[in-house]
Amino acid sequence: MFDSLKAERLLTTMDANHTNDKGKAAEQALTEMGNRAVPTLLKCIAIGELKGKHDVATQRFAAAILMRIGGDEAIDGLIDLLNSCQQDNLGATDSFTSGRDADVRRKNNATWALAGIDGAQRAVEPIRLLLKDRNNTVRAGAMMALARTRHPQAIEILASILDKETDTVYHAPKEDFRQGEDFPSALKALEQIGPAAVDAMTQMVEKVWGYKKKNVLDVIDKMRGPKAS
């Protein structure tokens, strides 16, 4: 009980002091609390602005602190949060912004934190499920999170989005996938991974829409680096 109250007070301090020494000291104190702060940090991300709770910047800081703390408790809590987001639409009643905006932010903060924790390989599957979210911002965030894991399974998932017949990502019935943002988002995420993604991308080239092949080949060439003369 004491730990949760202490962590809550520190988050409240951060709300009004993001850019000054007082806010930085609160952030450091939360990090030093370690696992004792994890439940309160998870709650900060999950609740968002509901009933006047912590502001957008503090939610992002909470995600960053969880990333630094790491460990099984943070990983399991973030995975549970993502699963709850998909099941319950937690953003429905947020008071300071539309529910959908808060839901997007919640998912993006959780995936960002999860992908940045060392040893979070089991995060790949719950992040993959967000590629079926109807919001393209959530999908793009999930792709970058997958890229941050650098896990072989994540690379395969991202490469599969380049396929002209992909069913990895959501698109509405009768919607032309080629007009969406998912292809460039996947390509950007693969580029972030670097040379480790070259083989998976090369295997996918022949399955890409013809007019998109040059984009893929250009990224592959860039990742391979300059050719010896």
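The values are calculated or read from the model by the stated rules, or taken from the named source; none is laboratory data. Note that this is a predicted model, so its numbers are computed, not measured. Please note: Cβ atoms are built from the backbone with ideal geometry, for glycine as well, and neighbour counts cover all protein chains shown.
For this structure, a couple of remarks:
- At least 1 residues being in the same structural domain as Leu82 (by TED's automatic domain parsing), loosely packed, with under 15 Cβ neighbours inside 10 Å and in contact with a Leu (Cβ under 7 Å, 6 or more places away or on another chain) is the threshold, and among the helices (runs of 4 or more DSSP H) wholly inside the stretch 124-229 not one reaches it.
- Boolean, Asp80 is modelled with pLDDT of 90 or more and acidic (Asp, Glu): yes
- Flag for Thr31 being hydroxyl-bearing (Ser, Thr, Tyr), at pLDDT below 95 and within 26 Å of Gly141 (Cα to Cα): no
Okay, residues lined up against (1) hydrophobic (A, V, I, L, M, F, W, C); (2) assigned by TED's automatic domain parsing to the domain that holds Asp101; (3) farther than 21 Å from Asp118 by Cβ; (4) in contact with an Asp or Glu (Cβ under 9 Å, 6 or more places away or on another chain):
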| site | (1), (2), (3), (4) |
| --- | --- |
| Thr19 | no, yes, yes, no |
| Ala29 | yes, yes, yes, no |
| Met33 | yes, yes, no, yes |
| Ala37 | yes, yes, no, yes |
| Leu41 | yes, yes, no, no |
| Val56 | yes, yes, yes, yes |
| Phe61 | yes, yes, no, yes |
| Ala64 | yes, yes, no, yes |
| Gly71 | no, yes, no, no |
